[in-house]
Amino acid sequence: MAQGEIIEVKRKLDGSEERFATELVHRGPSLLLVLYRIERGDDSLDSYGCFWPRRPYGCYHIVRPPGAPDAGREVASRFDVLRDVEITANEVRYLDLLLDLWVRVDAAGGISARWEDEDEVDAALAGGLLDAAAGDYVARARGTLERRHRRVVGEIRALLRSLGRIE
């Protein structure tokens, strides 16, 4: 099992950065998997960040943590449209292109998907923070996610099972 800290560096279009300390779970030739624990009072969630250098998105797969009555149950997945993903020994860095896809799973297993921040993409295009080529990149990534998001979640869940993180 992989160990250590990975710093997630989210670069924004305005040049600013946000940094998050995460736990290394798995490092493969084409995927970095990290864990970020979300503590909410008496409730907590495990958010597995998945980063691929060659895909136009990253994914945060959010599940109930070990020890919870429904441990491993998928709560949601959030896909972020990303560019310039770089994975080093201690960091994962990327440029966030604003558009997010939230895929929620209810207790009965029903799935709902919703795009967020489309207005921010439009404003960034209008204001010149995103050029036409970047706008096309975002549109292609959106199309890919609309077709593949459940398949990607299946890949992530299979990896988490193989690592003993979920049942």
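The values are calculated or read from the model by the stated rules, or taken from the named source; none is laboratory data. Please read these numbers as outputs of a predicted model, since none were measured by experiment. Note that each Cβ is placed from the backbone with ideal geometry, even for glycine, and that neighbours are counted across all protein chains shown. Areas reflect the complete protein model, heavy atoms only, side chains present, ligands, DNA and RNA absent. Shrake-Rupley method; radii C 1.70, N 1.55, O 1.52, S 1.80 Å.
Restricting Ala113, Ala108, Ala132 to those that are at pLDDT below 95 and loosely packed, with under 11 Cβ neighbours inside 10 Å reduces the list to Ala108. Check whether at least one residue in region 23-30 is open to solvent by less than 70 Å² (accessible area, probe 1.4 Å) and closer than 29 Å to Ala126 by Cβ, and report yes or no. Scanning region 23-30 turns up no residue that is open to solvent by less than 70 Å² (accessible area, probe 1.4 Å) and closer than 29 Å to Ala126 by Cβ.
Filtering region 88-105 to residues that are among the β-branched types (Val, Ile, Thr) and open to solvent by less than 60 Å² (accessible area, probe 1.4 Å) leaves Val92, Val103, Val105. If you scan region 13-22, which residues turn out to be open to solvent by 20 Å² or more (accessible area, probe 1.4 Å) and in a strand (DSSP E or B)? Across region 13-22, the qualifying residues are Glu17, Glu18, Arg19, Phe20, Ala21. The set of residues in region 76-87 that are touching a residue at least 24 places away in the same chain (Cβ under 8 Å) and either open to solvent by less than 10 Å² (accessible area, probe 1.4 Å) or under 13 Å from the mean Cα position of the chain (by Cα) (or both) comprises Ala76, Ser77, Arg78, Phe79, Val81, Leu82, Arg83, Val85.
Set side by side, the residues Arg165, Arg142 differ, and just one is basic (Lys, Arg), modelled with pLDDT under 95, surrounded by 10 or more Cβ atoms within 10 Å (Cβ to Cβ) and within 29 Å of Gly28 (Cα to Cα), which is Arg165.
Scanning region 79-119 for residues that are aromatic (Phe, Trp, Tyr) and either in contact with a Pro (Cβ under 7 Å, 6 or more places away or on another chain) or within 14 Å of Arg150 (Cβ to Cβ) (or both) turns up Phe79, Trp102.
Considering only residues of region 145-162 that are of a type in the set (A, V, I, L, M, F, W, C) and over 21 Å from Arg83 (Cα atoms), which is least open to solvent (accessible area, probe 1.4 Å)? Taking the candidates together, the pick is Leu160. Would region 41-54 turn up any residue that is touching a helix residue (DSSP H, G or I) at 6+ places or on another chain (Cβ under 8 Å), closer than 30 Å to Ala124 by Cβ and open to solvent by less than 30 Å² (accessible area, probe 1.4 Å)? Yes.
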